[in-house]
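Report on one structure; see the data block that follows.
Readers should treat all values here as calculations from the given coordinates under stated rules, not as data from a laboratory. Just so it is clear, the structure is predicted and the values come from calculations on it, not from any experiment. Cβ sites come from the backbone with ideal geometry, for glycine too, and all protein chains shown count toward neighbours.
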Amino acid sequence: MNIEKTIQSHIAAALKAEFDVEENNIVLQSTKKEFEGTYTFVVFPYIKALRKSPVELGNAIGNYLVANSGVVSAFNVVQGFLNISIADSAWVDLFTSIFRDKTFGQLPDKNETVMVEYSSPNTNKPLHLGHLRNNFLGFSVAQILSANGYKVVKANLVNDRGIHICKSMLAYQKFGNGETPESSGIKGDHLVGKYYVEFDKHYKVEIEALKEKGLSEDDAKKQAPLLLEAQEMLLKWENGDAETIALWEKMNEWVFAGFGLTYEKMGVSFDKIYRESNTYLLGKKFVEEGLKSGVFFQKEDSSVWIDLTEEGLDQKLVLRKDGTSVYITQDMGTAELKYNDFKMSKSVYVVGNEQDYHFEVLFKIIKKLGRPYADGLFHLSYGMVDLPSGKMKSREGTVVDADDLMREMTDTARERTLELGKTEGFAKAEADELYDTLAMGALKYFLLKVDPKKRMLFNPEESIDFQGHTGPFIQYTHARICSILRKAHEQGIVGKTTDYPALQESEREVIYLLGQYPQILADAGRELSPALISFYVYDLAKAYNRFYNEINIFNETDKNAQQFRIAFSGVVGETIQKAMSLLGIKVPSRM
């Protein structure tokens, strides 16, 4: 049952019956809190043509709705606004339809495949705070699209080649003394990242030494021996030098093992992992094809370009003069590979907004090359995560490490939970699981409740509060509902909706929100925005807590009312669980 659509159809019928007006686009708004009602219809657009006052028009439509709709119990007119109140029987019918719908929260199958590519780490360093937003956002978008009826492929394109990878390799070769994750007790990705920082430290010393000899800073950076050695190592890698490849493979194994542990802790996963070491040469056939068709042009030095000045951009290099590819070349090839693998109708790239220009150029190139998947490419651009201490820099070792942050969040969750006495009677393993659940819920919710496009400031202390707009507040609400359902089960109270009480306003508000969930889910899927789900589930938890504070279910003497409210609580709990799972967040059943 859809109350909003029912009212819209009856308003259209009222305009036809009372004023002989054909109207197929009836728009309803939520009634402002200071007025009585649930939906508001604005009558101003019809006043001039019908030569009626706002009050006359509002009253005529309102009386028609009360007499004919079966869902409207009352109305009031404030100037040109018709505020509509819904009958309790309609709210109960809506709730009953949700209660009986085993597929509630899952939209119909769309018979389309969508790929969501996220994470995209470099194998020369561990994941950091920025990667957390990326991974949480990508995983959540994939969950939301799946609930919207799409078949979703979660992909990860790992950057495991290039000069930055060789910097870590060279520093390890020079300064590592055979150190391994096992001998050092350092997680593999952290160990490799340590040598990326080590390279930068020695590289800066060499730059200063060259500057003292009279070189400019730019020349010193280009001529520093360490950088020249790293460039030589990259050439060896590209030429398949056995010793270089063996070192690369060994260090990659360390990194991937470390990433695997971090991803497990994050609660994210992938269906397909691509590696740039396998894809970086794929785009060269695009260059040849584009030169033949006139999409690309070649300069005198043999480099190949595309001219996008007519599209408001500029000229973009797609192949260097020595015949080596650039990032956009390999991205063209990888896009083709992904389409050949999965034939998806849409491909979503979850990448920070510093790459906006890159993806704008990439998509225009693929469009000009006439690829069948060109129109389905989408860059989900998101803002950076800032900290009070400022911007992070990987090469200087000043990043907020993802593993460290998640560990600190768990420690904070443990302290807060023990202070509030929320784990009394818990076994140690059960308590530890709860701390992790609350920590990751706090972290994910804080990063996902902000619109993806916006830059944000991360505040760990604020994120883990049990009150306010936080993940733990919603998780605690779910645990509270589970406690109610356990107590009802112990007392033999079964949730039913056949007979119902006169509803309280807090119950109407919750049922209204439950009825909004499919539309919110559809909107979140269309806009690729977990923030819409975040705000929805917070509003639902807040509304249920209002109900909980006003009505004591177990002191209710009317058994029908009691059974209705148990069913009511169960549906809210299930909806909170479903919505939070779309954010990649677990909800505890006890705390």
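Table for the structure above
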quantity	calculated
Calculated diffusion of region 162-268, Stokes-Einstein form, Kirkwood radius summed over Cα pairs, 37 °C and 0.692 mPa s, µm²/s	220
Residues LEU291 and ALA374, FRET efficiency given R0 of 25 Å [Cβ-Cβ distance, rounded to 0.05]	0.85
Amide proton proximity set for LEU319, modelled H, under 5 Å, gap of 5+	VAL304
Surrounding net charge for LYS338, when Lys and Arg each add one and Asp and Glu each subtract one, Cβ distance under 11 Å	-2
Listed residue (ASN135, PHE535, TYR280) projecting farthest to the positive dipole end of the chain, Cβ model	PHE535
Subset of LYS110/LYS368; LYS174/LYS284; LYS151/LYS292; LYS428/LYS542 violating a 32 Å alpha-carbon distance limit	LYS174/LYS284; LYS151/LYS292
Amide N of region 132-172 lying under 18 Å from the label point, which is placed 7 angstrom from the Cα of ALA246 along Cα→Cβ	169-172
Antiparallel bridge percentage (DSSP; both residues within the chain; nearest 5)	50
Full-stretch length increase - GLU527, GLU433 - with 0.36 nm per residue and alpha-carbon distance subtracted	30.5 nm
Stokes-Einstein D (µm²/s) once Rh is taken as the Kirkwood radius of region 57-202 over alpha-carbon pairs, at 25 °C in 0.890 mPa s	116
Cα pair count fraction exceeding 20 Å, expressed as % - region 484-548	45
Kirkwood Rh and Cα Rg combined as Rg over Rh, evaluated for region 286-389	1.02
At R0 = 35 Å, FRET efficiency that the Cβ-Cβ distance of GLU208 and GLU179 yields, to 0.05	0.85
Residue exposure sequence - ARG51, ARG480 - by fewest surrounding Cβ within 10 Å	ARG51, ARG480
Mean shadow area of region 3-86, taken as a quarter of the surface of its Cα convex hull (nm²)	4.7
Helix-only mean residue ellipticity at 222 nm for the chain, each DSSP H run of n ≥ 4 adding -39500 (n - 2.57), per residue, nearest 500	-18500 deg cm²/dmol
Region 1-41 - Rg (one decimal) and Dmax (whole number), Cα, Å	11.4, 33
Whole-Hz ³J(HN,Hα) from phi, Karplus 6.51 cos²θ - 1.76 cosθ + 1.60, for region 454-467, glycine and proline x	8, 5, 9, 10, 8, 10, x, 5, 5, 5, 9, 5, 7, 10
Order of ARG414, ARG161 under a 10 Å beta carbon neighbour criterion, fewest first	ARG414, ARG161
Dipole magnitude of region 162-268 about its Cα centre (Cβ charges: Lys, Arg +1; Asp, Glu -1), debye to nearest 20	240
Separation of the ASN555 and SER345 label points, Cα + 7 Å toward Cβ, nm	5.4
Pairs of alpha carbons in the chain whose separation is greater than 46 Å (percent)	31
Amide H within-cut-off set for HIS379, under 5 Å, with H built and near neighbours excluded	TYR349
Neighbour-count order for SER303, SER183, fewest beta carbons within 10 angstrom listed first	SER183, SER303
